[in-house]
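Worksheet for the structure shown next.
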Amino acid sequence: MTIETVGVIGAGQMGNGIAHVFALAGYEVLLNDISAESLEKAVTTIDKNLERQVGRGKVSAEDKAAAMARIKTTLTLTDLGQTDLVIEAATERETVKQQIFDALLPHLKPTTILTSNTSSISITRLASRTDRPEKFMGFHFMNPVPVMQLVELIRGIATDQPTYEALLAVVNKLGKTAASAEDFPAFIVNRILVPMINEAVYTLYEGVGNVRSIDESMKLGANHPMGPLELADFIGLDTCLAIMNVLHDGLADTKYRPCPLLTKYVEAGWLGRKSGRGFYDYRGDTPVPTR
Ligand SMILES: NC(=O)c1ccc[n+]([C@@H]2O[C@H](COP(=O)([O-])OP(=O)(O)OC[C@H]3O[C@@H](n4cnc5c(N)ncnc54)[C@H](O)[C@@H]3O)[C@@H](O)[C@H]2O)c1
């Protein structure tokens, strides 16, 4: 299975980072979104992030130019049909992902490996509704993709060994490190991380601490590089809530119930950095706690 061309669906926070690292590693990338604005913003973000890497001496100006030239964008999903590997990184909602696969499958060449960057949805279930469950895998990048070293590889029940090995080789070519996780809700990293974030929101909800004291406590008391609420804003509160709901439904254990305050922030459209406001307000020069 030679992989040279990669289709990325969804040009949000994760999609632009995935396009960035694949283009830099020499893959031809076709980036798709339903929003022309998201595609434009993604290309600008990739350019800016690559420029930062050039400034730090991590990437040469020639390699940056070559990477930018390898990224093409399209609003037409079916244009991705001839790529060797597809990475779905659209909104964390199963119906959205399902509709994408349904629309893409009739146009996809038989050898294409199909993957999802989902943070929590069952890979086996997503795979079972496609024509290629043996060539379907979870391909879970961490945010921000150009910086984070880990990629979780999640095999569905039907995923075959050549598909797993092909993705392992891709991870190596990207210069990243793979961790294999079994297909249970939220896999490894988010199974541990997101309930901790949810507990931090409960700590806020119950008035045990305010936003600043909770984040300071975990940074200085547990040596975390970022406080849990700051991290939640970074991930996106809608994504955090979606992951808690998947854990709650999938493991049927009340210890995973999402904090009502997390739900409230999402209802308000305060989704974190990407919407300008979450547990902090990012609209000024420095982030200001909202509670
Ligand atoms: N944010 C994180 O920290 C993180 C980390 C790892 C994995 N993920 C996963 O990555 C995926 C994307 O998350 P994100 O943070 O980039 O979200 P995001 O909201 O930043 O971006 C989602 C993008 O998908 C696009 N989209 C929606 N429907 C589409 C469709 N039908 N076809 C094409 N594009 C469509 C939207 O226009 C948007 O640009 C989710 O599955 C999420 O769970 C997120």
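The table below lists the values:
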| item | result |
| --- | --- |
| Residue among Gly269, Gly284, Gly207 that is of a type outside the set (Val, Ile, Thr), outside any helix (DSSP H, G or I), surrounded by fewer than 14 Cβ atoms within 10 Å (Cβ to Cβ) and within 15 Å of the ligand (Cβ to nearest atom) | Gly269 |
| Residue among Leu114, Leu104 that is more than 9 Å from the ligand (Cβ to nearest atom), open to solvent by less than 10 Å² (accessible area, probe 1.4 Å) and either over 14 Å from Ala89 (Cα atoms) or not in a strand (DSSP E or B) (or both) | Leu104 |
| Count - residues of segment 20-52 that are in contact with a strand residue (DSSP E or B) (Cβ under 8 Å, 6 or more places away or on another chain) and within 10 Å of the ligand (Cβ to nearest atom) | 5 |
| Residue tally, condition open to solvent by 20 Å² or more (accessible area, probe 1.4 Å) and touching a residue at least 24 places away in the same chain (Cβ under 8 Å), over segment 85-99 | 6 |
| Output for segment 225-249, where each listed residue is crowded, with 22+ Cβ neighbours inside 10 Å, part of a helix (DSSP H, G or I) and touching a helix residue (DSSP H, G or I) at 6+ places or on another chain (Cβ under 6 Å) | Pro228, Leu229, Glu230, Ala232, Asp233, Leu237, Cys240, Leu241, Ile243, Met244, Leu247 |
| Segment 230-245 residues that are farther than 17 Å from Tyr282 by Cβ and modelled with pLDDT of 95 or more, paired with ones that are part of a helix (DSSP H, G or I) and within 11 Å of the ligand (Cβ to nearest atom) (beta carbon under 8 Å, 6 or more apart) | Met244/Val194 |
| Those residues of segment 81-94 which are near the ligand (Cβ under 10 Å from one of its atoms) and either outside the structural domain of Lys135 (by TED's automatic domain parsing) or not acidic (Asp, Glu) (or both), in sequence order | Ile87, Ala89, Ala90, Thr91, Arg93 |
| Any hit, segment 123-134, residues being open to solvent by 20 Å² or more (accessible area, probe 1.4 Å), modelled with pLDDT under 95, within 15 Å of the ligand (Cβ to nearest atom) and closer than 15 Å to Phe187 by Cα | no |
| Answer residue from segment 31-81, given it is open to solvent by less than 40 Å² (accessible area, probe 1.4 Å) and assigned to a strand (DSSP E or B) and is farthest from Met14 (Cα to Cα) among those | Thr74 |
| Single unsatisfied condition, Arg191 versus (1) under 15 Å from the mean Cα position of the chain (by Cα); (2) under 23 Å from Ile9 (Cβ atoms) | (2) |
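The values are calculated or read from the model by the stated rules, or taken from the named source; none is laboratory data. Given the structure is predicted, the values throughout are model-derived calculations rather than measurements. Every residue, glycine among them, receives a Cβ derived from its backbone with ideal geometry; neighbour counts consider all protein chains shown. Keep in mind that these areas ignore ligands, DNA and RNA; they rest on the heavy atoms of the full protein, side chains included. Shrake-Rupley method; radii C 1.70, N 1.55, O 1.52, S 1.80 Å.
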